[in-house]
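Engineer: For reference, the structure I am asking about is given below.
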Amino acid sequence: MKILIEYYSRTGNNAALAERIAEGLRSMGAAEGGSAHGVTLFSLAERVPRKMGGLVADMVFGRKPALQALPDNVGDYDLVVFMGPLWMFHIAAPLRTAIKAARGRMKRYCWVSVSGGALGPNPGIAKELVKRAGKGLALCLDLNIAQYCEVPAGPSTGDTGEYRLAEHPGDLERLAGIAASAVGKLRP
Ligand SMILES: Cc1cc2nc3c(=O)[nH]c(=O)nc-3n(C[C@H](O)[C@H](O)[C@H](O)COP(=O)(O)O)c2cc1C
């Protein structure tokens, strides 16, 4: 399967997971005796450096911040995996820009996130994605730090906000295993 992973990450968690999932998917196809999954990683970078005040304003006003570059061939892939944080119970603003650009051109797409989860689940994400992409999604995985990672029980937003997945190799392996296995099972 030809897979494009488009990810945005402000503090590194989704970047770390995206890179590890790509490795997992590449080796998985070959290990299953089939042809290896061809995985392309595309990092979504904003034109203007992000500040916390701007983050809240972008979310409240529904803005779609400009990105430095976008992949122009999303329709060539069997599957597009969007990855990024959740902000204020919605997909992070830069992903809005990327999904709008890909709308109407993707064969299939799915969502994977390392979110915080300290304020509970994010129940509206799948619905938001369907609305933004204009079509149903193949998978929606919200791997939140509060439930899946080594943080104190009942963590605060401070605990999850300070958490860096790359500093917890056990968590990184576990989350990447869950995500790569779920994504790898999707068929074109
Ligand atoms: C302003 C702000 C709002 C956030 N809102 C949510 C939220 O609604 N739900 C959630 O699960 N996590 C929320 N988070 C936590 C991030 O999704 C989490 O820290 C994520 O792992 C960051 O990913 P990154 O390191 O790839 O940027 C929020 C973080 C910030 C900074």
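Engineer: Of the residues SER9, SER35, SER43, only one is among the polar types (S, T, N, Q) and farther than 25 Å from ILE145 by Cβ; which?
Structural biologist: That would be SER35, the only listed residue that is among the polar types (S, T, N, Q) and farther than 25 Å from ILE145 by Cβ.
Engineer: Shifting gears a bit: Would you mind telling me which numbered condition in (1) modelled with pLDDT under 95; (2) within 14 Å of the ligand (Cβ to nearest atom) SER35 fails?
Structural biologist: With respect to (1) modelled with pLDDT under 95; (2) within 14 Å of the ligand (Cβ to nearest atom), SER35 is out only on (2).
Engineer: Can you name the residue in region 87-131 that is surrounded by fewer than 15 Cβ atoms within 10 Å (Cβ to Cβ) and on the phi > 0 side of the Ramachandran plot and, of all such residues, is farthest from the ligand (Cβ to nearest atom)?
Structural biologist: Among those that are surrounded by fewer than 15 Cβ atoms within 10 Å (Cβ to Cβ) and on the phi > 0 side of the Ramachandran plot, it is GLY104.
Engineer: Are there any helices (runs of 4 or more DSSP H) wholly within region 135-188 with 1 or more residues that are more than 12 Å from the ligand (Cβ to nearest atom) and closer than 24 Å to ILE99 by Cα, and if so which? Explain how you work it out, then say what you get.
Structural biologist: Details: elements: 145-148, 157-162, 169-185.
The helices (runs of 4 or more DSSP H) meeting that bar are 169-185.
Engineer: Determine which member of the set PHE82, PHE89, PHE42 is out of contact with any strand residue (DSSP E or B) (no Cβ under 8 Å at 6 or more places or on another chain) and either under 23 Å from ALA126 (Cβ atoms) or among the β-branched types (Val, Ile, Thr) (or both).
Structural biologist: PHE89
The values are calculated or read from the model by the stated rules, or taken from the named source; none is laboratory data. If you're wondering where the values come from, they're calculated on a predicted model, not measured in any experiment. Here Cβ is always computed from backbone atoms with ideal geometry, including for glycine, and neighbour counts include all displayed protein chains.
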